[in-house]
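Below is one structure, written out as structure tokens; the observations come after it.
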Amino acid sequence: MAVPKQKHTKSRRNKRRMHIRLKAQALVKCPKCGKPTLPHTVCPNCGYYKSMEVIDVLKKLNKKERKKKEKEMTAKEKEGKAAGKEPLSMEEMSRK
Ligand SMILES: [Zn+2]
């Protein structure tokens, strides 16, 4: 069996291990609801992907939670319209 000739120092070991760590996830803002989400994935908050509804987020909630969520979403939409900002269409997104 091959045996190492010399012991590696703590410094050398630590230098090798300095890249073994957790990195902060790269998040993007959801164009529909504005919450931070993973890129190229369906938004878990509103269930939209590429301005299409993919998941019905209200389906699994009970009555009380659903009402709260609906209220939250309509408030967000009104806020966006008041500021003159509507969710970007596919053409607008591709232009940028
Ligand atoms: Zn969203």
Identify, from the list LYS76, LYS67, the residue that is part of a helix (DSSP H, G or I), out of contact with any Leu (no Cβ under 8 Å at 6 or more places or on another chain) and within 25 Å of SER94 (Cβ to Cβ).
-> LYS76
Going through the stretch 1-30 one residue at a time, which ones are within 14 Å of the ligand (Cβ to nearest atom) and open to solvent by 80 Å² or more (accessible area, probe 1.4 Å)?
-> LEU27, LYS29
Here the qualifying pairs (Cβ atoms under 9 Å; residues six or more apart or on different chains; first in the stretch 12-29 and assigned to a loop (DSSP other than H, G, I, E, B); second polar (S, T, N, Q) and surrounded by 10 or more Cβ atoms within 10 Å (Cβ to Cβ)) come out as LEU27/THR37
Please name all residue pairs, on different chains or six or more residues apart, with Cβ atoms under 6 Å, provided the first residue is in the stretch 37-48 and is near the ligand (Cβ under 8 Å from one of its atoms) and the second residue is charged (D, E, K, R) and open to solvent by 60 Å² or more (accessible area, probe 1.4 Å).
-> ASN45/LYS35; CYS46/LYS32; GLY47/GLU53; TYR48/LYS32
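The values are calculated or read from the model by the stated rules, or taken from the named source; none is laboratory data. All figures in this text were calculated on a predicted structure; none of them were measured in a lab. As a convention, Cβ positions derive from the backbone with ideal geometry for all residues, glycine included, and neighbour counts pool all protein chains shown. The accessibility values were calculated without ligands, DNA or RNA, using every heavy atom of the protein model including side chains. Shrake-Rupley method; radii C 1.70, N 1.55, O 1.52, S 1.80 Å.
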